Amino acid sequence: MTLQQFLNSKNFNSEINEILLNIESGSIKMYEKINEETDDIFGSSGQKNVQDEEVQKLDLIANDIFIHAFNTNSNIAKILSEENEDIIDLKNNGKYLIAMDPLDGSSNIDVNIPVGSIFSILKNTEDGFLQNGANQKLACYVIYGTTTMMVFAINQAAYGFTLNTKNKQYVLTHPNISTPNTGNIFSINEGNFNSMEKEIIEFINYCKELNPDGKRTHTGRFIGSLVADFHRNMLKGGIFIYPTTADRPQGQLRLIYECNPIAFIAKCSGGDSTNLTQNILDVKPKNIHQRTAFVVGSKQMVNQLLSLYKV
Ligand code: AFP
């Protein structure tokens, strides 16, 4: 079943369908850029973004592609992008807001590791982008990996579509994604080990414990590309942790356009998320590029980590 056929078979509202088709067309352009054109996609653009991070050439390409894709949609009032300090006002009374990280994990482009695009869709209310993640109407990511996949969550369910690269159609390959309640994967950058909270260290040590036969109980996987790390854990069962650290006292990941959409997809597939104080989806953002500590994954593993904070 193609994405279009799937949308015809559901009764999501037509505005949501249109946004999904915008993401579809933008992501196919991204696929073509990365896999078929390959000219001028590597390396730094020489610019820094609002967070003082180096902007890669493909970051700018992705930003332009998706802004262009949404620009034509009169249902979208504003776009918030990781690559733009200010909100982009499309100057219409559209009912929806889009927050996006057009290219997550861009430091991985030059070494051929999967990257992704992340989208959060909110109603256009007077709070603007400063709404709890629980208010999201739709959350979506695209992973450009060994295959290109579009995963989205709506109405409490999560779906995955894989791009057939011959006819450039997304095909439903993962209907009603359900994440395992527990798993054996833990994903964390252990380079931060010595500046993490003691509870996180305790959890990592627990993951490294051996069973009575002397075999490992967990496996460590961290690729440094949130979408790829989350996607694997969602399908196989596991936990992703990016806590506050000495280098990143507020956390590394952005609440509105990285953590919220990923947390929403996790919830709709049966997983859970937290900033280690409260559920990520209940956090009221204070500013548009806010960072946060982020834990997401299989319910039982998230609960186990949180239980260490209660002792
Ligand atoms: P970029 O989008 O700036 O490349 O950042 C990627 C990311 O936010 C996320 O995808 C990773 O989980 C995380 O950074 C990796 O960061 P560390 O290098 O600090 O582990």
Only one residue in Ile28, Ile34 is β-branched (Val, Ile, Thr), within 30 Å of Asn167 (Cβ to Cβ) and within 16 Å of the ligand (Cβ to nearest atom). Which one?
-> Ile34
Quick check, is Val171 surrounded by 22 or more Cβ atoms within 10 Å (Cβ to Cβ) and either within 14 Å of the ligand (Cβ to nearest atom) or not in a loop (DSSP other than H, G, I, E, B) (or both)?
-> no
How many residues does the stretch 258-305 hold that are farther than 22 Å from Ser117 by Cβ and either assigned to a loop (DSSP other than H, G, I, E, B) or of a type outside the set (Asp, Glu) (or both)?
-> 21
Failed item in (1) open to solvent by less than 60 Å² (accessible area, probe 1.4 Å); (2) touching a helix residue (DSSP H, G or I) at 6+ places or on another chain (Cβ under 6 Å), with Pro180 passing the rest | (2)
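Is there a residue in the stretch 209-221 that is closer than 30 Å to Asn35 by Cβ and part of a loop (DSSP other than H, G, I, E, B)? Can you show your working first?
Applying the first criterion (closer than 30 Å to Asn35 by Cβ) to the stretch 209-221 yields 219-221.
From the residues that got through so far, the ones that are part of a loop (DSSP other than H, G, I, E, B) too are 221.
The answer is yes; a qualifying residue exists.
Looking at the stretch 252-264, is at least one residue more than 22 Å from Glu83 (Cβ to Cβ) and either open to solvent by 20 Å² or more (accessible area, probe 1.4 Å) or assigned by TED's automatic domain parsing to the domain that holds Glu85 (or both)? Break it down stepwise before answering.
Of all residues in the stretch 252-264, those more than 22 Å from Glu83 (Cβ to Cβ) come to none.
Within the stretch 252-264, not a single residue is more than 22 Å from Glu83 (Cβ to Cβ) and either open to solvent by 20 Å² or more (accessible area, probe 1.4 Å) or assigned by TED's automatic domain parsing to the domain that holds Glu85 (or both).
Among the candidates Ile23, Ile65, single out the residue that is surrounded by 14 or more Cβ atoms within 10 Å (Cβ to Cβ), closer than 23 Å to Leu253 by Cα, modelled with pLDDT of 95 or more and in contact with a Gly (Cβ under 8 Å, 6 or more places away or on another chain). Break it down into steps so the answer makes sense when it comes.
Values: Ile23 fails: in contact with a Gly (Cβ under 8 Å, 6 or more places away or on another chain).
Within the list Ile23, Ile65, the selection yields Ile65.
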Which one of these is within 30 Å of Phe222 (Cβ to Cβ) and either away from the ligand (no atom under 16 Å from the Cβ) or acidic (Asp, Glu) (or both): Ile88, Ile109, Ile98?
-> Ile98
Among the residues of the stretch 205-231 satisfying the criterion of being among the charged types (D, E, K, R), in contact with a strand residue (DSSP E or B) (Cβ under 7 Å, 6 or more places away or on another chain) and open to solvent by 50 Å² or more (accessible area, probe 1.4 Å), which is nearest to the ligand (Cβ to nearest atom)?
-> Arg221
The stretch 38-89: strands (runs of 3 or more DSSP E) wholly inside it with 3 or more residues that are of a type in the set (Phe, Trp, Tyr) are none
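The values are calculated or read from the model by the stated rules, or taken from the named source; none is laboratory data. Every value quoted in this text rests on a predicted model; they were computed, and no experiment measured them. Backbone-built Cβ (ideal geometry, glycine too); neighbour counts: all protein chains shown. Accessible surface is based on the protein model in full, side chains and every heavy atom, while ligands, DNA and RNA are left aside. Shrake-Rupley method; radii C 1.70, N 1.55, O 1.52, S 1.80 Å.
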